[in-house]
1. Give a quick list of GluC sites (Glu not before Pro) in segment 112-152 that DSSP marks as loop, anything other than H, G, I, E or B, with at most 13 other Cβ atoms within 10 Å.
2. Along the Cα→Cβ direction, 7 angstrom out, place labels at LEU141 and ASN108. What is the inter-label distance in nm?
3. With Rg and the Kirkwood Rh both taken from Cα atoms, where does Rg over Rh land for segment 140-193?
4. Return the carbon/sulfur percentage of the accessible area of segment 63-188, one whole number, probe 1.4 Å, all protein chains in place.
5. For segment 86-180, what is the relative contact order in percent, using Cα pairs closer than 8 Å and at least 6 residues apart in sequence?
6. Just the accessible area per residue of segment 173-212, please: how many Å² with a 1.4 Å probe?
7. How would you classify segment 163-212 from its alpha-carbon gyration tensor, with a ≥ b ≥ c the square roots of the eigenvalues: rounded for a/c under 1.5, else prolate if a/b is greater than b/c, otherwise oblate?
8. Dipole of segment 95-192 (Lys/Arg Cβ +1, Asp/Glu Cβ -1, origin at the Cα centre): which of TYR133, SER182, THR148 lies farthest to the positive side?
Amino acid sequence: KKAYENSLAARALIKEAGRMELRETLESFEKKRGRGKVRVLRKKRTYLIAASLLFLLGFYFMSDYMGNKTPAQVYDSYFQTYPAPSVMRGNPNQETPYWDAGVESYANGNYGEALSHFERAESFIIKDKVEFYKSLCHLQLDDKYLNTTTHALRKVSNGDSNYREQALWYYGLALLKNGQESDAKKVFQKIKDTKSYNYEEASEILKIKLKD
């Protein structure tokens, strides 16, 4: 995330330096200062660009990879709301008012209401799907059920539903949120090794030095 921002800053700096070089070169020609001075100016400008780029890259390396962050800070940086599920359609004999209400509340950011509806979701809806979204609601609400949420996500990640990879990612984040950084790193290492959901983000987290 910050790498992308820093790369944009570096490009902007190089572009601006290029404009300055062109302007000064033209001025040098206009004032007839000679070709030798233009070469010196270009050489100095090239050194300035290289030094500035190295500084930006060095700053990024030190701040993002060597800099210390708490598990909670890493959690806040990487947690993103997972998209809302779909409503149930197709079988008129299986009405799903609670699930559908939960989906609507979740999509609107009303996670307390969504959780209440998901807890009453119809029994024929895949259990791991319900548990996954209930867990996400708990994480959004930042409530007192973090241990239970962590356990539920681990269980879904060990299952065979379509949400197992996503659950593994959020399980790792929940461990971070709960201060269990050693266990969280094992989860992120597994995500990286298997190249499962958000494995690039997991790789980034593994490079961060965590502090208490």
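The values are calculated or read from the model by the stated rules, or taken from the named source; none is laboratory data. Treat the numbers as computed from the prediction; the structure is a model and nothing was measured. Virtual Cβ from ideal backbone geometry, glycine too; neighbours counted across all protein chains shown. Please note that ligands, DNA and RNA were not included when accessible areas were found on the heavy atoms of the full protein model with its side chains. Shrake-Rupley method; radii C 1.70, N 1.55, O 1.52, S 1.80 Å.
1. Passing both the DSSP loop test and the Cβ count: GLU119.
2. Distance between label points: 1.7 nm.
3. Value, to two decimals: 0.96.
4. Carbon and sulfur: 43 percent of the exposed surface of segment 63-188.
5. 19
6. Numbers: 2270 Å² over 40 residues.
Ligands and nucleic acids excluded, the figure is 57 Å² per residue.
7. Here segment 163-212 falls in the oblate category.
8. Sorting the options by dipole projection puts first SER182.
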